[in-house]
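Below: one structure, written as structure tokens.
The values are calculated or read from the model by the stated rules, or taken from the named source; none is laboratory data. These figures come from a predicted structure and were not determined experimentally. Neighbour counts run over all protein chains shown; Cβ positions are idealised from the backbone, glycine included.
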């Protein structure tokens, strides 16, 4: 039986309810910034009764949505409230306040909520946003209906602006208003600010200037887009000789501003392509604006934001039919409610994980092997078969054999295990070709003894020149990554024992090869180790799979439900305790959570490498420092190996530099934030414990370092033991006292 709703249970949701009210204001600008929401609330109260009506509409809508049982996350994010807010502001400006009006406003809010839910289902099934369509329908319906409501009276506010300024802020406000009015601001700039204010039904400079300030605080890119959208329209109207006063009529020029922000940086990754489309869509907005206004004037209705809604929906829908050029422009995959965050996260994800969309393959052997022929080989690996590798084993002197090398058994590679490069299904086996004597080749059976494995649709691997009679699997068997499937031999067109390995799109011997990377491997050169990820191994280099270290695996194998307790000791401060827990969200993404700071650090672990992917919360918290310091850790130990990576540029940067970067980010990114992790030492090589790692985090402009942090991590037999954070002169020691 459901638990009855009580005052206590409702009050427990109040923090989320407060967020839903604030977010309802900023959702109009596709934002969730608290500061911006407060600015917008202030702006809405420039007309006091409009502001009151807006707040009432939002509260009624969100309370009803909660009581009826609609999605709490959508309520909290303001998805259901912002259309009702616009309805409330519009009606509050148009009608005189009174009991009858507020009753109508309550039912108008309920109607808008139902319209929002209907449109969420109808428009949402096409993967499109419902934008402010329910505001339009709700406002038009209520406006038409209230013409018959004789108890409602049309407001006369807005006629005597000086009187209203005096009521709002006294003589000082009147003086400021007159000063701005007589300042000689160019007409296009005045029109821009007034159009911004008109989004909240406030038709004067004060409102627009304040919104512009809030817009700059929320997003520099959004502010630039608002300028590009509006002034592109202004230039277009002048160019074609259209009536420029159309932009000032009800100040519906805000359609260009909202379309620009939506297309240029919210639904689409900000770039030169998104800015180009903002300009190209300007004439379409103008066509919709002029034509719909001609129709709606017949019914004495305003088009409000109809052109913005139509153009954005049509454009986003059209992009779904593309067959190529998916990055010109590129749709936002994971919405972060900020053009900057959308851009920086996208650029960072492509740099870090862009190639990880490939199916992951490891090298088909254990230990260290040398590539004696890579892609576009000197002897074979040409034409349709150019994307392949030949692997042999060499000693420290560069020889592939012992003794005089006249026998197959003299070769280090001969009879070595060949392993499955990934999970799969044995498609075909050839195991009847005789082994060659050294120096001889079998041109009749070019590939020799071979296994073809199927890993996914149109994705196969082929391993050739295998030893006759050494096969551990048969056609139809399933195999696991790393499972021994045969031994290295010398069959087919093979003068000396080696493994031929290729990736192909069809299941046949002789299929053309694919240019496809190895997911992770270690490159060995003169005692120096280098981690390579989703890379094509080169000719004449020694390579190996990552050799796992049990202590490192344990240290970074975070399991949902696992809890950690740390004692933190700053050099110049009091010792305190920090607790973390591992959680998994609704879409199976895992994260570390700090209850004290409400911070989250998302991570993934593919078995070879631990990655942190993104962070939300308090950037002064210990969890954020750990996120930075353990951003990418390989699960194998190789002394002095250097692991490199990069963060989104807004993760760890000088604030002033970050703001400057935001203004030009769609066109050029001039700053970067780097991560370097060095494997320093291991005290007990036999037990693979007492491992020390040191990471450096640095923000740079060119070669100039502008911010830095260091982190030393100590790993023992039970996993992570402690770590040290160094930020210039500040040193913090952190000890793990419990991890279960």
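Key figures
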item	result
Members of region 180-204 found to be surrounded by fewer than 20 Cβ atoms within 10 Å (Cβ to Cβ) and part of a helix (DSSP H, G or I), listed by number	180, 181, 187, 188, 189, 190
Qualifying residue in region 33-44 (condition: out of contact with any strand residue (DSSP E or B) (no Cβ under 8 Å at 6 or more places or on another chain) and over 15 Å from residue 211 (Cβ atoms))	yes
Checking residue 49 against (1) crowded, with 24+ Cβ neighbours inside 10 Å; (2) modelled with pLDDT under 90; (3) touching a strand residue (DSSP E or B) at 6+ places or on another chain (Cβ under 9 Å), the condition it does not meet	(1)
Selection count, region 689-740, where residues are over 22 Å from residue 592 (Cα atoms) and assigned to a strand (DSSP E or B)	16
Out of 352, 324, sole residue that is out of contact with any strand residue (DSSP E or B) (no Cβ under 6 Å at 6 or more places or on another chain) and either free of Cβ contacts under 8 Å to residues at least 60 places away in the same chain or at positive phi (or both)	324
Every pair of residues 6+ apart whose Cβ atoms lie under 6 Å, when the first sits in region 329-345 and is in contact (Cβ under 8 Å) with a residue 60 or more places away in the chain and outside the structural domain of residue 614 (by TED's automatic domain parsing) while the second is surrounded by fewer than 18 Cβ atoms within 10 Å (Cβ to Cβ) and part of a helix (DSSP H, G or I)	329/273
